[in-house]
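Working notes for the structure below.
Laboratory data are not the source of any read-out in this text; all were calculated from the coordinates shown. Just so you know, these numbers come straight off a predicted model, no measurement behind them. Positions of Cβ are generated from backbone atoms using ideal geometry, with glycine treated the same way; all protein chains shown enter the neighbour counts.
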């Protein structure tokens, strides 16, 4: 009897183990994007994060208007019409301007929109000339606190550099089967702007910010040693966006 009981328990345990293994095989692996800075990055014009005033139009906000970019080096892209991404702390919608300049200060593009709290993006329109490979550009987002008092406006400034796509990377991108694979390829190649643009597309389609939050985590980690304050700000924004993503509790 004891032998039969032991045999039944053994068969039962094996069945459970087989079931767990079968179920686990159906769970897709989660690929976490790991941003790796370029091997020979350009140094930015500004050595400290550049946001004017207290970074917000609202007195009770601890967060600041922030260009979501690396700041220890100039972020790179292989796109001639890149996407620019930033964080808005203000809960009240306000006029917001996006401006793109050549490195010498010539304005190349300007547009205005209404702000919304959280992460926003804008792509350089395809009907404009492509940005040139090998060139760096400066961009700004301007949060208009008071149209009658321009000095109250909040401005965040960052840089972008256009680089040539390496042939192996082009082949890998062409072979990539999922958006997450493309995000990871861009991130590991040091192409911050392309990685976060792809993550934003995925997030908007799936209405899930996880790809963007993972990239912010990776960027905060890479910036922690050279610029701890910047890393801490990125972590704060990541926490705010994580909280925003959580389902609201019903009263």
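Summary table
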quantity: Added length on full extension, which subtracts the Cα-Cα distance from 0.36 nm per residue, residue 151 to residue 245; calculated: 30.5 nm
quantity: Neighbour-count order for 99, 244, 238, fewest beta carbons within 10 angstrom listed first; calculated: 244, 99, 238
quantity: Inter-probe distance in nm under a simple model that places probes 7 Å from Cα toward Cβ, at residue 163 and residue 232; calculated: 3.0
quantity: Distance histogram in 10 Å bins (all Cα pairs of region 50-244, percent per bin); calculated: 9, 36, 38, 15, 2, 0
quantity: Fewest-first ranking of 132, 121, 115, 151, using other Cβ atoms within 10 Å as the exposure measure; calculated: 151, 132, 121, 115
quantity: Computed E for residue 59/residue 225 - FRET, C-beta separation, R0 30 angstrom, nearest 0.05; calculated: 0.35
quantity: Stretchable slack from residue 114 to residue 102, in nm (0.36 nm times residue separation minus alpha-carbon distance); calculated: 1.9 nm
quantity: Global form of region 172-251, assessed from the alpha-carbon gyration tensor, a/c cut-off 1.5; calculated: oblate
quantity: Footprinting exposure proxy for 113, 120, 107 (fewest neighbouring C-beta atoms within 10 Å first); calculated: 107, 113, 120
